[in-house]
1. Multiplying the sequence separation of residue 82 and residue 319 by 0.36 nm and subtracting their Cα-Cα distance, what value in nm do you get?
2. Counting only Cα atoms, I'd like the Rg/Rh figure for region 237-364, Kirkwood definition for Rh.
3. Using only alpha carbon pairs under 8 Å that are at least six residues apart, calculate the relative contact order of region 156-224 and give it in whole percent.
4. Would you mind ranking 359, 187 by Cβ crowding within 10 Å, fewest neighbours first?
5. Given the C-alpha centroids of region 365-444 and region 345-363, what is the distance between them in whole angstrom?
6. Would you list 479, 365, 248 from fewest to most Cβ contacts within 10 Å?
7. Starting with the fewest neighbours, write out 456, 345 ranked by other beta-carbon atoms found within 10 Å of each beta-carbon.
8. Using R₀ = 51 Å, calculate the FRET efficiency as 1/(1 + (r/R₀)^6) where r is the Cβ-Cβ separation of residue 179 and residue 7; round to 0.05.
């Protein structure tokens, strides 16, 4: 309800006129009549009434207000009279209010018309939603977009690819088939972007991502271990209903990660090393290997604390824990996966400081590596948030996450909290799903929060009824007039005896689920907070002929991606640890030994060395023959003992040299 000030003005004027007239023709005669009777001490009520009528008819009461002590009576009556009319005024004002919901009692939903949406949206600048409907980057509220569209509705063609055109900042794309990279990476590279590719479908053509290289706190280790253990329930190593095995496996994995980060060199700090440590401990039941290396650590170290959670288990239980963890880490046994995850070529901080296009290619036909995607995006988002918090509260270069097939990433920890605070940090999330059931399945408890933190909803079409029903309700209801005519007929003859008509006010959905299902394929619906729903034409990238030509001329194949230098990594084996310094010393000693024992084959010394060795061998040979003759053994012409003696001398020489080199080793044995 709201006030109609024009009506109030008219009512006020009317009441003021009535008040004045009643003052002159009613209040004044009454006041004069009462005043005269009081002055003359007359108490007859019939006389007073008679005088009132006489004074009313003579119109002379106003001239007598100053006589017979009338003024006091007049003032009192005027106050009462005025209060009466004020009450009338209030009642009249209340009754004059307009009915705000008149003709819209059942709803006021309607489409945005005549450019109403441009109070918030833009025609040319920002994130492309549809033709002539752009989302400005400087709008109030967040710039997160929830895109819902079934298979073939144009999620990539009408939303993701068009938004590459404007080069608004750094981009992070999920690219299930690699087609987005093929079509757009060359275009962005020509415009100064640095291109990065994490390819889990063809790891040989991929940048490297080592989760352990991005660990900055114990919470990061918790996320990695929790995601690996509990993010693979449907695959190999799936856990039972008893949470004990998951919890103990997680504690053991955290202990291994903390050990690698604190005790091993960077090239051995990788998840493949964790898998190897578990395998080494599992072989032949040799679980004492882990106990030995962990017991050397301080009691308060994170590795020791987590290992203590499983250290007291019986041998059989500990063996089962090892088997469970080994199955979870089995994917890192693959050399191609170990190559990709054991070194790191993606600098997350650079995404915040310069224009980078990062493509993440992962299979849309299986979920084998979804857990790795979960860790990747969790660390990436958190590191960008940390960078913003340390550099004035926002990224130097805005970051736009274009997350096609969002649910394939898995459940990113605390994503509902991240998306709710992204606006101030210059981060935008475009969450792209086929239907809302997918989102609910992965984010069962927080999907409504995620949807609620997307100020913009873009509906491209879907066959899912629950999704259609949701958007139908979001569009709202409008009020319609339903005209009904009823014909009265005789029961037996059917003869019309009359009719009646009625005009009913009722509500209906702006678009029913069925109407949404049948919506034209080139249309989309935009729901923007603060404006009426917008029905618009989709912005297909291939309809922009100039842009299409630029994309085609710059197209490149993601399978031909030139991998950067991946560096060197090692897999740590606790039964055969690699020690750089000792290895170098031993290599040097062995080289010196070989030089002493064998001929130097270099051109400058070869002839001299050969002659010297011949003389030495001959002298040695004759000495041995003389010795044999002295002992009575003798030597036959066909006897091969000469060669055997030579072999014995060489073996003896090796023993002597070995004793000289490793005399300080108590256990030295040749």
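1. Working: separation 237, 0.36 × 237 = 85.32 nm, distance 9.71 nm.
Taking residue 82 through residue 319 to full extension adds about 75.6 nm, to one decimal.
2. Values: Rg = 16.8 Å, Rh = 16.2 Å.
In region 237-364, Rg relative to Rh is 1.04.
3. Working: 22 pairs, mean separation 11.4, N = 69.
Relative contact order of region 156-224: 16 percent.
4. Working: 359 26, 187 22.
Least crowded to most crowded, the residues run 187, 359.
5. Using only Cα atoms to place each centre, the spacing works out to 13 Å.
6. Details: 479 17, 365 8, 248 20.
With the sparsest Cβ surroundings first, the list reads 365, 479, 248.
7. On the way: 456 22, 345 19.
With the sparsest Cβ surroundings first, the list reads 345, 456.
8. Details: r = 64 Å, r/R0 = 1.26.
Using R0 = 51 Å, I get an efficiency of 0.20.
Laboratory data are not the source of any read-out in this text; all were calculated from the coordinates shown. Just so it is clear, the model here is predicted, and its values are computed rather than measured. Don't worry about glycine lacking a Cβ; one is built from the backbone with ideal geometry, like all the others, and counts go over all protein chains shown.
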